[in-house]
1. Every residue in segment 604-638 that is touching a Ser or Thr at 6+ places or on another chain (Cβ under 8 Å) and within 17 Å of PHE576 (Cβ to Cβ), please.
2. Among what's in segment 50-89 and is among the aliphatic types (A, V, I, L, M) and in contact with a Pro (Cβ under 9 Å, 6 or more places away or on another chain), pick the residue that is surrounded by the most Cβ atoms within 10 Å (Cβ to Cβ).
3. Report those strands (runs of 3 or more DSSP E) wholly inside segment 113-180 carrying at least 3 residues which are in contact with an Asp or Glu (Cβ under 6 Å, 6 or more places away or on another chain) and free of Cβ contacts under 8 Å to residues at least 40 places away in the same chain.
4. Tally the residues that are touching a helix residue (DSSP H, G or I) at 6+ places or on another chain (Cβ under 8 Å), over 12 Å from GLY489 (Cβ atoms) and assigned to a loop (DSSP other than H, G, I, E, B), restricting the search to segment 361-381.
5. What are the pairs, 6+ residues apart or on separate chains, where a residue within segment 88-102 that is at pLDDT 95 or above and part of a loop (DSSP other than H, G, I, E, B) has its Cβ under 6 Å from a residue that is basic (Lys, Arg) and surrounded by fewer than 24 Cβ atoms within 10 Å (Cβ to Cβ)?
6. Can you tell me which of (1) at negative phi; (2) in contact with a helix residue (DSSP H, G or I) (Cβ under 9 Å, 6 or more places away or on another chain); (3) aromatic (Phe, Trp, Tyr) is the one PHE507 doesn't meet?
7. Can you name the condition, by its number, that GLU469 falls short on among (1) in a strand (DSSP E or B); (2) in contact with a Leu (Cβ under 8 Å, 6 or more places away or on another chain)?
8. Would you mind stating whether LYS239 is outside any strand (DSSP E or B), within 27 Å of ALA3 (Cβ to Cβ), out of contact with any Lys or Arg (no Cβ under 9 Å at 6 or more places or on another chain) and modelled with pLDDT of 95 or more?
Amino acid sequence: MAALSLTHKIIKKHLEAGRMVPGEEIALRMDQALLQDATGTLAWLEYEAMSVDKVRVKRATQYVDHNILQTGFENADDHLFLQGMCAKYGAVFSRPGNGISHWTHMERFDVPGQTMLGCDSHTCQAGATGMLAIGAGGFEVASVMAGEPYRFRMPGVVRIDLTGELPRWTSAKDVILGLLRRYGEKWGKEKVLEYGGPGLKQFTVPERGTIANMGAELGATGSVFPSDGMTGRFFRGQKRGPDWKALAADERAEYDERIEMDLSEIEPVIACPSSPGNVKPVSEVAGTEVTQVAVGSSVNSSFRDLSMVAEILKGQQVHPGLSMAVSPGSRQVLMACLLHGVMTTLIKAGVRELEVACGPCIGMGFAPPTKGASVRTFNRNFPGRSGTPDDRVYLCSPETAAATALKGVITDPRDLGRRPPSVTELTSYPVDDSMYVAPPRDRSKVQVYKGPNIGPVPVPTGGVADTVEGEVLLKLGDGISTDHILPGGAEILPLRSNIPAIAEHTFEYVDRTFVNRAREKGGGAIVGGDNYGQGSSREHAAAVLMHLGVRLVLAKSFARMHRDNLVNFGLPPLVFANPGDYDGVQKGDRVRVTGLIEGLRNARPVDALNVSRGNTIRLAYDLSSRQREILLEGGGIRYLQKRRGGA
């Protein structure tokens, strides 16, 4: 028997169809589904349209961690809807304030060797415990809950060997930012990053969680750590010893790619505005004036990380020129910090305590001032994501954040001139599952509340037309994220259940005239650059384009999740067959694509005529045969209904 990587072992155990050959589509059985409130409402509406009587995975868990601010009725109504859907169909509901989905799930429900699909791009954090966890659009998660396997391309598996010892004043955040500095934001596309090597022993499960979480920023399908003694210690501390088992790659396992990272070469680094891949040594930007420091979110919100910040600030005050806040990753972390005096130390230092939620990471509160630099231990800093359109957000480690908070300017923590505090992760946690609500045994009498903010699930009116013509409404550069397409923030996020309402904010920070122009022109086309649609899994970024009449999206290349979401909403993601053709189309040009139906059926490139300029552009697909069928059928819901006999 051939020696296998841990990733291949998990895939082999769950494989329902296909071959483990990189690039070929496979069907993988999922053990768990994870949902959060910003994407979960649409996912549940899609699930409801599939007419299934109960959730058909081992465990489905719905978290409320994004749309926490209840400045109006919308979020409160959505929370009632989500809790009702969980009760009716057999999912676990995590009440607001219980914790950030990835962090809390890691504590209570991650299981080594299992698979999980989540409608959040950072679902991959569960790889810290030896799971294969993948982020996807809500439709994909709804399909899995309806009993379908998850179909995606077999990823290449990259072994990342960690060697050496971390220098003082560096931590797990510097490791993952170091990988982003070295490889960039699209390197991990269609890959699973599997960590190994002697350097692993330095990282606890929460620290591994930081690295696994931000694999999404590398574009990776997933990140996988072995389930070893460190993992066992974490599970025992969570009073979940029976859920743990040792899992590792075979000694002579083969990988599609193998790299080494010498931890002794790591230095404090920081992602500068406005991309997680814009990483520089902290020493290069030291001295930059700062208005805010924020610690927490789904990364760097552990007991260890908050304790490190508290110890650095102990007996001192946050610089008067800035404001600082912390967001614990879970209620459990908050309780541990209260019991050990961590929160008292932070409060005495002048730190604000925010709610246990994603909060500022998704633009829900603590937005920075106009053009003010905000230093955060978060995972993303795309323009406007903080809730401030012209924000300047930096991403860094808790050590760098604390040093910056003391000095008032970006500060290399090594410049504090002392040894770093000795801080360790807990070996026993204050476990309390009282804010999880299990579904009732008798679900027949459950009534689901649907408030006025919840609209119908958006479904394309039909399959792809053979000839599609429209004006190029926007031409965009490389690295456009879903935050560019559909921003977050306290004003926009509460509309996630209402596609017509949230569509009014499409490309709001890019071009405020876009929505009106799309209506005036009767829809049209979008042209993007490389890695178009990177970042969040939010399928709303595809749904709003379909709603506004966009019928063509052309790009040099697409990020995995947004490509799949476009397909599920009936929008063909077309790739320039010749990269130079990108320059041959401009905003305002009229483009006509012909032969699209035949092209999709036979996987043949199609021609687009630039009517305005007279030149022809060759367009190809980066799609499986199944995805082409979905487009011909009119989107994911129509395709699945027909396949399951519901339409």
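The values are calculated or read from the model by the stated rules, or taken from the named source; none is laboratory data. Quick caveat, the model's predicted, so the values are computed rather than measured. Here the Cβ is made from the backbone with ideal geometry for all residues, glycine too, and neighbour counts use every protein chain on show.
1. If we filter segment 604-638 for residues that are touching a Ser or Thr at 6+ places or on another chain (Cβ under 8 Å), which is where we start, we get 606-610, 622, 634, 636.
VAL606, ASP607, ALA608, LEU609, ASN610, ASP622 - these are the residues of segment 604-638 that are touching a Ser or Thr at 6+ places or on another chain (Cβ under 8 Å) and within 17 Å of PHE576 (Cβ to Cβ).
2. Residues of segment 50-89 among the aliphatic types (A, V, I, L, M): 50, 52, 55, 57, 60, 64, 68-69, 76, 80, 82, 85, 87.
Now restrict to residues that are in contact with a Pro (Cβ under 9 Å, 6 or more places away or on another chain): 55, 64, 68-69, 87.
Numbers: VAL55: 22, VAL64: 26, ILE68: 22, LEU69: 15, ALA87: 19.
For segment 50-89, the residue satisfying everything is VAL64.
3. Values: elements: 115-118, 132-135, 150-153, 156-163.
Where strands (runs of 3 or more DSSP E) fall fully within segment 113-180, none carries at least 3 residues being in contact with an Asp or Glu (Cβ under 6 Å, 6 or more places away or on another chain) and free of Cβ contacts under 8 Å to residues at least 40 places away in the same chain.
4. Going through segment 361-381 one residue at a time, the tally reaches 4.
5. Note: pairs meeting the criteria are GLY90/LYS54; ASN98/ARG331.
6. Every listed condition holds for PHE507 apart from (1).
7. Of everything listed in (1) in a strand (DSSP E or B); (2) in contact with a Leu (Cβ under 8 Å, 6 or more places away or on another chain), GLU469 misses just condition (2).
8. Details: outside any strand (DSSP E or B): yes; within 27 Å of ALA3 (Cβ to Cβ): no; out of contact with any Lys or Arg (no Cβ under 9 Å at 6 or more places or on another chain): yes; modelled with pLDDT of 95 or more: yes.
So LYS239 fails the test.
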